[in-house]
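To start, the structure itself, in structure tokens.
The values are calculated or read from the model by the stated rules, or taken from the named source; none is laboratory data. Because the structure is a prediction, the values reported are computed rather than measured. Here Cβ is always computed from backbone atoms with ideal geometry, including for glycine, and neighbour counts include all displayed protein chains. Note: accessible area is taken over every heavy atom of the protein model, side chains too, but ligands, DNA and RNA are not part of it. Shrake-Rupley method; radii C 1.70, N 1.55, O 1.52, S 1.80 Å.
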Amino acid sequence: MENKKYYITTPIYYPSGNFHVGTCYCTLMADTIARYKRLRGYDVFFMTGTDEHGQKIEEKAKLANKTPKEYVDEFATNVKELWKILGISYDKYMRTTDEDHKLAVQKIFQKLYEKGDIYLGSYEGLYCTPCESFWTETQLVDGKCPDCGREVKLVKEESYFFRLSKYQKRLEEYYEEHPEFLEPISRKNEMMKNFFEKGLDDLCVSRTSIKWGIQVPFDPKHVIYVWLDALTNYITGLGYLGEDDHCFKKYWPADLHLVGKEIFRFHSIIWPAILMALDLPLPKKIFGHGWLVVDGKKISKSFGNYKDPRIYIEKTSVDHLRYYLLREVAFGQDGNFSEDLFIEKSNSDLSNNLGNLVSRVTAMVQKYNNGIITKSKNPEMLDYDKDLINSVSVLASKVEGRMDQLELNKALDEIWEVISKANKYIDLSMPWILAKEEKLERLNEVLYNLIETIRIIAVVLQPFMIDVPRKIFEQVGVEQDLQVWDSAYQFGLLKEGTKITKGENIFPRLEQGKELFKVEEEKKVEEKKEEPIKEEYITIDELEKIKLKVGQIKSVEKVEKADKLYKLSVDMGNEVRTIVSGLVKYYEPDELLNKQVVVVANLKPAKLRGIESNGMLLAAGDDDIVKLLVLDNNAGTLENGTNIH
Ligand code: ME8
């Protein structure tokens, strides 16, 4: 029998912050393919994990006041939890800090060194720490890292090098002979232009300036370059050069490495060259998917507060999120993430289209036939019956065609086309009229066609969704043998007498707008934002900081050589203060004497023309007219020093 193994990998993630919906995409895509292959009878090995060494992690751990190991342990636990919530069905979670991986990487390094493919040299060049990438001056864009746009550092140190240049020709020949190796083709072309035309340089594969990594076995002051450490996870995770390598023997070469477009270069140049140097077969396909973007910008940790995928799952369901991400990203292209679109698609595609179909049909079977499926003895098979049955019968093979091309969104398009057709079929066949007119044979035929359509839809939805296919099978009473993929090729397998149970609505409408996804902290921030923010407002607390008191002007002298200033002595009750005030233009000294005025009593003293002024008198007006605020003594006299509120 043909060996139907299928080995699929995702990139191993950097423990560098919170996960967002973008980072989930690759693993979700891999999970969908893995589930699909399992349903098709393949022996699947699906590996994902975390990339736990390197300068970036050393720095992050320091910032978090943790040891690198504590930092990566915590992160790996969180990622595993997230994958559980998202229904990621991995077979192995790879961690590059695992002892067997570290040993195998050292053996690989040794092997390449002994072969002469790694040699000692010295590196002087530019390094981008966030991307853990080496660059030459000409590769920079505006002096910054061409991948992430951040600052690069000048690095100068003794290093080991991998003879990447030696493999350029062989790589080019391999691409030529295996056109299916790198996809999408546009990405391959872009890479050939950017790297091969200029010629490949040897690659620096060790660092002496960092500690957090795997040591070069024969020269431990060197730590192995994190990308060499990370890329080899695809074979060490299977036991390559380890004690038990049966998985390696069984599953290598990988059938598919799924990677984001910005790391396609590492996977399509460096990784195949390392495999060539190790005399190992190359993976069958490397696919560089696009990004989830918001307003054209990649979602990333630096993008801001892009939310934790858990929020979307909590507020809707895991299948809502899976559906949205898988439908929105087209083959190799970027996909848009918007909360408005998420709600819109959930309501139109999931609630109105699929959810309604299931609830309407199961309700009709309950109402018109006590929940029992009955086959018609003399089916009429009108044109629209034939049309529906034909579409449903070829659905599985259409989905297969799309899945084999990695066009996951188009596979969903095919399924939704049939869902829409089934809804139209209800309108055309009008079961309620058939029931009213007691055309029971025809009614049975129509209801059977619909229920069988729903069964097959649920079968082919299994790779994409976690809970919904199972809920549909429960409601429609589909036994295990009719849930398997092959059962979708044949219309009419659902047995007579099957009992329908009307269950919960599988996709209730999301009535709220994107408000739904606001977390409590955001709501608080929003509430604060909604308060009118007018610059003239101060809080009562701020007002209370200003101490206003009644003072009485006891003497007035003009300040020498100052046209505008009077030196006043002001009786404040328990003290007499000197206050310098610019009132010369507006008042004669006599007019000021003995006036009770408003004094800002706690103003920081300031020197004006060499005189220390201890407070300020309040006045109204502008340059032309200034009127001092004075107390109205007709209403009785207040003691000097009285507080003003
Ligand atoms: O690159 N949309 O790890 P990583 C889609 N450790 N995919 C996105 C995305 C977005 N907005 N943001 C990130 C690494 N990704 C290395 C891999 S493999 C030997 C080593 C994807 O955590 C990104 O494209 O920075 C990549 O495929 C994956 O998340 C992990 O990125």
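For the stretch 27-36, does any single residue satisfy the condition of being within 9 Å of the ligand (Cβ to nearest atom), crowded, with 16+ Cβ neighbours inside 10 Å and either among the aromatic types (Phe, Trp, Tyr) or at pLDDT 95 or above (or both)? Give the steps one after another, and end with the answer.
Applying the first criterion (within 9 Å of the ligand (Cβ to nearest atom)) to the stretch 27-36 yields 27.
Subset that is crowded, with 16+ Cβ neighbours inside 10 Å: 27.
Imposing the further condition that a residue be either among the aromatic types (Phe, Trp, Tyr) or at pLDDT 95 or above (or both) reduces the set to 27.
Yes, some residue in the stretch 27-36 is within 9 Å of the ligand (Cβ to nearest atom), crowded, with 16+ Cβ neighbours inside 10 Å and either among the aromatic types (Phe, Trp, Tyr) or at pLDDT 95 or above (or both).
Please give the number of the condition residue 272 fails out of (1) under 29 Å from residue 344 (Cα atoms); (2) within 14 Å of the ligand (Cβ to nearest atom).
So the condition that residue 272 fails would be (1).
If you go through the stretch 374-386 one residue at a time, do you hit one that is part of a helix (DSSP H, G or I), crowded, with 18+ Cβ neighbours inside 10 Å and not charged (D, E, K, R)?
The answer is no, given that none of the residues of the stretch 374-386 is part of a helix (DSSP H, G or I), crowded, with 18+ Cβ neighbours inside 10 Å and not charged (D, E, K, R).
Among the candidates 56, 115, which residue alone is of a type in the set (D, E, K, R), within 14 Å of the ligand (Cβ to nearest atom) and either touching a residue at least 40 places away in the same chain (Cβ under 8 Å) or touching a Gly at 6+ places or on another chain (Cβ under 9 Å) (or both)?
On the way: 115 fails: within 14 Å of the ligand (Cβ to nearest atom).
That would be 56, the only listed residue that is of a type in the set (D, E, K, R), within 14 Å of the ligand (Cβ to nearest atom) and either touching a residue at least 40 places away in the same chain (Cβ under 8 Å) or touching a Gly at 6+ places or on another chain (Cβ under 9 Å) (or both).
So which residues in the stretch 277-299 are aliphatic (A, V, I, L, M) and at pLDDT below 95, if there are any at all? Walk me through it before giving the result.
Pass one, the stretch 277-299, residues aliphatic (A, V, I, L, M): 277-278, 280, 282, 286, 292-294, 299.
Correct list: 292, 293, 294, 299.
Would you check which residues across the stretch 67-80 are open to solvent by 30 Å² or more (accessible area, probe 1.4 Å) and within 16 Å of the chain's Cα centre (by Cα) and list them?
Of everything in the stretch 67-80, those that are open to solvent by 30 Å² or more (accessible area, probe 1.4 Å) and within 16 Å of the chain's Cα centre (by Cα) turn out to be 78, 80.
Of the residues that make up the stretch 544-555, is at least one over 19 Å from residue 631 (Cβ atoms), part of a loop (DSSP other than H, G, I, E, B) and touching a strand residue (DSSP E or B) at 6+ places or on another chain (Cβ under 8 Å)? Full working, then the answer.
Of the stretch 544-555, the ones over 19 Å from residue 631 (Cβ atoms) are 544-545.
Right, trim to part of a loop (DSSP other than H, G, I, E, B) and you get 545.
So of that shortlist, the ones also touching a strand residue (DSSP E or B) at 6+ places or on another chain (Cβ under 8 Å) come out as none.
No: the stretch 544-555 contains no residue that is over 19 Å from residue 631 (Cβ atoms), part of a loop (DSSP other than H, G, I, E, B) and touching a strand residue (DSSP E or B) at 6+ places or on another chain (Cβ under 8 Å).
Would you point out which residue out of 282, 325, 354 is part of a helix (DSSP H, G or I) and within 16 Å of the ligand (Cβ to nearest atom)?
None of the others qualify; the one that does is 325.
Inside the stretch 236-267, can you point out the residues that are closer than 22 Å to residue 57 by Cβ, touching a helix residue (DSSP H, G or I) at 6+ places or on another chain (Cβ under 8 Å) and either outside any loop (DSSP other than H, G, I, E, B) or near the ligand (Cβ under 8 Å from one of its atoms) (or both)?
If we filter the stretch 236-267 for residues that are closer than 22 Å to residue 57 by Cβ, which is where we start, we get 236-237, 259-260, 262-263, 265-267.
Subset that is touching a helix residue (DSSP H, G or I) at 6+ places or on another chain (Cβ under 8 Å): 236-237, 259-260, 265-267.
If the condition is that a residue be closer than 22 Å to residue 57 by Cβ, touching a helix residue (DSSP H, G or I) at 6+ places or on another chain (Cβ under 8 Å) and either outside any loop (DSSP other than H, G, I, E, B) or near the ligand (Cβ under 8 Å from one of its atoms) (or both), then 236, 259, 260, 265, 266, 267 are the ones that fit.
What number of residues in the stretch 357-373 are touching a Lys or Arg at 6+ places or on another chain (Cβ under 9 Å) and assigned to a helix (DSSP H, G or I)?
6
Please report, ordered by residue number, the strands (runs of 3 or more DSSP E) entirely within the stretch 572-645 with at least 3 residues that are touching a residue at least 12 places away in the same chain (Cβ under 8 Å) and within 60 Å of the chain's Cα centre (by Cα).
Working: elements: 576-581, 596-600, 606-608, 611-613, 619-621, 626-628.
Correct list: 596-600.
Tell me, yes or no, whether the stretch 268-290 has at least one residue that is closer than 21 Å to residue 83 by Cβ and surrounded by 18 or more Cβ atoms within 10 Å (Cβ to Cβ). So that I can check it myself, show each step before the final result.
Taking the stretch 268-290 first, the residues closer than 21 Å to residue 83 by Cβ are 287, 289.
Subsequent filtering for residues that are surrounded by 18 or more Cβ atoms within 10 Å (Cβ to Cβ) retains 287, 289.
Among the residues of the stretch 268-290, at least one is closer than 21 Å to residue 83 by Cβ and surrounded by 18 or more Cβ atoms within 10 Å (Cβ to Cβ), which makes the answer yes.
Within the stretch 123-138, can one find any residue that is out of contact with any Ser or Thr (no Cβ under 7 Å at 6 or more places or on another chain) and assigned to a helix (DSSP H, G or I)?
Within the stretch 123-138, one or more residues are out of contact with any Ser or Thr (no Cβ under 7 Å at 6 or more places or on another chain) and assigned to a helix (DSSP H, G or I).
Against the conditions (1) open to solvent by 50 Å² or more (accessible area, probe 1.4 Å); (2) in contact with a His (Cβ under 9 Å, 6 or more places away or on another chain); (3) within 16 Å of the ligand (Cβ to nearest atom), where does residue 307 fall short? Just the number, please.
Result: residue 307 fails condition (1) only.
Of all residues in the stretch 81-134 being among the charged types (D, E, K, R) and under 29 Å from residue 317 (Cβ atoms), which is most open to solvent (accessible area, probe 1.4 Å)? Walk me through it before giving the result.
Start the filter on the stretch 81-134 by keeping residues that are among the charged types (D, E, K, R), which leaves 81, 84, 91-92, 95, 98-100, 102, 107, 111, 114-115, 117, 124, 132.
Within this subset, residues satisfying the condition of being under 29 Å from residue 317 (Cβ atoms) are 81, 84, 91-92.
Numbers: 81: 98, 84: 168, 91: 76, 92: 54 Å².
Per the stated criteria, the residue is 84.
Being out of contact with any strand residue (DSSP E or B) (no Cβ under 8 Å at 6 or more places or on another chain) and open to solvent by less than 50 Å² (accessible area, probe 1.4 Å), is that true of even one residue in the stretch 596-610? Talk me through it step by step, then tell me what you get.
Here is the first cut: in the stretch 596-610, the ones out of contact with any strand residue (DSSP E or B) (no Cβ under 8 Å at 6 or more places or on another chain) are 602, 604, 610.
Then drop every residue that is not open to solvent by less than 50 Å² (accessible area, probe 1.4 Å), which leaves none.
No; the residues of the stretch 596-610 include none that is out of contact with any strand residue (DSSP E or B) (no Cβ under 8 Å at 6 or more places or on another chain) and open to solvent by less than 50 Å² (accessible area, probe 1.4 Å).
Considering each of 168, 215 in turn, give the residue that is over 30 Å from residue 60 (Cα atoms) and open to solvent by 20 Å² or more (accessible area, probe 1.4 Å). Break it down into steps so the answer makes sense when it comes.
Working: 215 fails: over 30 Å from residue 60 (Cα atoms).
The unique qualifying residue is 168.
Could you grab me the full set of residues in the stretch 1-14 that are near the ligand (Cβ under 8 Å from one of its atoms) and modelled with pLDDT under 90?
From the stretch 1-14, those near the ligand (Cβ under 8 Å from one of its atoms) are 10-14; that's our starting set.
Within the stretch 1-14, 14 is the sole residue that qualifies.
For the stretch 265-276, check the following and say yes or no: at least one residue is at pLDDT below 95 and not small (Gly, Ala, Ser). Explain how you work it out, then say what you get.
Just the residues of the stretch 265-276 that are at pLDDT below 95, to begin with: 265.
Now drop any that are not not small (Gly, Ala, Ser), which leaves 265.
For the stretch 265-276, residues at pLDDT below 95 and not small (Gly, Ala, Ser): present.
Against the condition within 18 Å of residue 139 (Cβ to Cβ) and more than 16 Å from the ligand (Cβ to nearest atom), how does residue 218 come out, does it pass? Spell out how you get there, then give the answer.
Working: within 18 Å of residue 139 (Cβ to Cβ): no; more than 16 Å from the ligand (Cβ to nearest atom): yes.
Answer is no for this residue.
State yes or no: is residue 342 in contact (Cβ under 8 Å) with a residue 24 or more places away in the chain, assigned to a helix (DSSP H, G or I) and among the aromatic types (Phe, Trp, Tyr)?
Working: in contact (Cβ under 8 Å) with a residue 24 or more places away in the chain: yes; assigned to a helix (DSSP H, G or I): yes; among the aromatic types (Phe, Trp, Tyr): yes.
In short, yes.
Is it the case, given these coordinates, that residue 96 is within 22 Å of residue 235 (Cα to Cα) and among the hydroxyl-bearing types (Ser, Thr, Tyr)? Spell out the reasoning first.
Numbers: within 22 Å of residue 235 (Cα to Cα): yes; among the hydroxyl-bearing types (Ser, Thr, Tyr): yes.
Taking the combined requirement at face value, the residue satisfies it.
Condition first: more than 32 Å from the chain's Cα centre (by Cα) and under 16 Å from residue 355 (Cβ atoms). Now tell me which residues in the stretch 456-466 satisfy that. Spell out how you get there, then give the answer.
We begin by selecting, within the stretch 456-466, every residue more than 32 Å from the chain's Cα centre (by Cα); these are 456.
Passing the criteria: none in range.
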